[in-house]
Amino acid sequence: MSQHFLLSRKARTLSLAKVARLSDEEAYETFPLIRWAATDGSPVCPRCECAAVYTYTTRKLYKCKACNHQFSVTSGTIFASRKLSIRDYLLAIAIFVNGAKGHSALQLSRDLDCQYKTAFLMAHKIGEAMASEANGATVSGTVEVDGAYFGGHIRPANYKANRRDRRLVQHQTGKRRVVVIMRERGGRTLPFVFKSEDASVVTIARTVASGSVVHADEATHWDALHARFLTKRINHGEAYSDGEACTNQAESFFSRLRRAEVGIHHHVAGPYFRLTLARWLGARTIAASAMASSTLWLPTRPYSTPFPVSGRGIGSAKITVKVAGVLPLRPPAFVQWLHNLFIYIVQLLHYPYVIEGNMARHHQSPAK
């Protein structure tokens, strides 16, 4: 039997101790080597991609010779407008990548000695940047499809006579979500979050390449896959593998995700569950490549769309960080509501002056 990867020497190449021994200056010097690896650490303008830049001696800034744009080593990344040191961000990335079952924001706040709000936002920014590496990806070959429900736990009543059937819809909280994954054997795993398994059929048809062989269980909503793919079914009531079809690799993914829910996060539900899943899967994907190549991965690609964390109570109005290829979670209705509130405040501040002017004109004696 071959040795497990986590027991091998390659699993220890990305060490937290190595990052912790770096000084702030050494961490700053390491960042350009990772971000601009194609130019051996030489800065490149994030706006026009020109390699001819000026270097300031008094401040850690660069200025493009072509477009005169000033930028720093973190401009255009999720670390832009940062307040923590670069070493703290490198430590956070190393912590997430080495965590086999994820890492909670509370534990990260204790590890980095920062507030929980800071650790929460940092964790989701890193997770979304990790998950953006798989945007637009597809799977092919032999693909296992399965779903599992997470979140929305309902505590049973104390007395048995007062307990309800928590499987019924009328007794649900509405926070329960299903994770549907498409796991390519010997390849990548693509998870998606839905309210029900049958809502994922369209996404599966768009994500799985034509000509692939799909393995699924006996659930009736997978019957629609037969019209597009060669689909093999397995009845879990009779066997988990019959030599023709099995979804054991998909089940192993859910097994570790379930341990992350119960043992690390303790509670995942609602709008943040998609972000938690993206963070967990991104760390698993990046960990394999980073450990194998002995390099530290950094989310340094230029951003193009708003960062999707709603950020209630953590100063979301000041968040200007963007991540490539991620759709915003904040709905357009919120933006419209904010616009209407702004107009209302302006009118409210202007209204007393309008009243005062009207009263002055009313009491003014008519001209003779």
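The values are calculated or read from the model by the stated rules, or taken from the named source; none is laboratory data. No experiment lies behind these values; they were computed from the predicted model shown. Neighbour counts run over all protein chains shown; Cβ positions are idealised from the backbone, glycine included. Calculation scope for accessible area: heavy atoms of the full protein, side chains included, ligands and nucleic acids excluded. Shrake-Rupley method; radii C 1.70, N 1.55, O 1.52, S 1.80 Å.
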Handout entry: FRET efficiency estimate (nearest 0.05) - Cβ-Cβ, ILE34 to LYS63, R0 22 angstrom
Key = 0.50
Handout entry: Amide H contacts under 5 Å for TYR54, placed H, 5+ residues apart
Key = LYS63, CYS64, LYS65
Completion exercise
Taking only protein heavy atoms and a 1.4 Å probe, the highest-to-lowest accessible-area order of VAL213, VAL169, VAL262, VAL145 is VAL169, VAL262, VAL213, VAL145
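Taking R0 as 35 Å, what FRET efficiency do you get between ALA224 and HIS267 from their Cβ-Cβ distance, rounded to the nearest 0.05? If you can, show how the numbers build up before the last one.
On the way: r = 33 Å, r/R0 = 0.95.
For R0 = 35 Å, the calculated efficiency reads 0.60.
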Practice task
Select from GLY151, ALA227, HIS215 the residue farthest towards the positive end of the dipole of the range 151-249; place +1 on Cβ of Lys and Arg, -1 on Cβ of Asp and Glu, and compute about the Cα centre.
Solution key: GLY151
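How much length is gained if the chain between ALA52 and ARG82 is pulled fully straight, taking 0.36 nm per residue apart and subtracting their Cα-Cα distance, in nm to one decimal?
Numbers: separation 30, 0.36 × 30 = 10.80 nm, distance 2.52 nm.
So the extension gain works out to 8.3 nm.
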Exercise for the section: Compute the distance in nm between two label points, each set 7 Å from the Cα along the Cα-to-Cβ direction, one at LYS117 and one at LEU22. Expected result: 2.8 nm
Exercise for the section: Would you kindly find the accessible area of THR142, with a 1.4 Å probe and non-protein molecules such as ligands, DNA and RNA excluded, rounding to the nearest 10 Å²? Expected result: 50 Å²
Fill in the blank from the handout: Karplus-derived 3J(HN,Hα) from phi for the range 189-201 (6.51 cos²θ - 1.76 cosθ + 1.60, θ = phi - 60°), whole Hz, x at Gly and Pro, runs 10, 10, x, 9, 10, 9, 7, 8, 5, 5, 6, 9, 4
Handout entry: Solvent-accessible area of CYS67 with every protein chain in place, 1.4 Å probe, in Å² to the nearest 10
Key = 50 Å²
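Ignoring ligands, DNA and RNA, please state the percent of accessible area on the range 116-267 from carbon and sulfur, probe 1.4 Å. Don't jump to the answer; show the numbers that get you there.
On the way: 4000 of 8390 Å².
Result for the range 116-267: 48 percent of the exposed heavy-atom area is carbon or sulfur.
Under a 1.4 angstrom probe, counting protein chains only, how are CYS64, CYS114 ranked by accessible area, largest first? Don't skip to the answer; put the middle values down first.
Numbers: CYS64 0, CYS114 30 Å².
The most accessible residue leads, giving CYS114, CYS64.
At a 1.4 Å probe radius, which order do ASP146, ASP165 fall into by accessible area, largest first?
Values: ASP146 5, ASP165 55 Å².
Putting ASP146, ASP165 in descending order of accessible area: ASP165, ASP146.
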Exercise for the section: Return one whole number: the accessible area per residue of the range 219-273 in Å², for a 1.4 Å probe. Expected result: 58 Å²
Completion exercise
Carbon plus sulfur, as percent of the 1.4 Å-probe accessible area of the range 19-96, comes to 48 percent
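Listed here are the pairs LYS63/LYS117; LYS125/LYS195; LYS60/LYS101; which of them are more than 30 Å apart at the Cα? Walk me through the numbers before you get to the answer.
Working: LYS63/LYS117 33 Å; LYS125/LYS195 24 Å; LYS60/LYS101 37 Å.
Result: LYS63/LYS117; LYS60/LYS101 exceed 30 Å.
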Problem - Kirkwood Rh in Å, taken over the range 1-126 so that all alpha-carbon pairs contribute - result: 16.5 Å
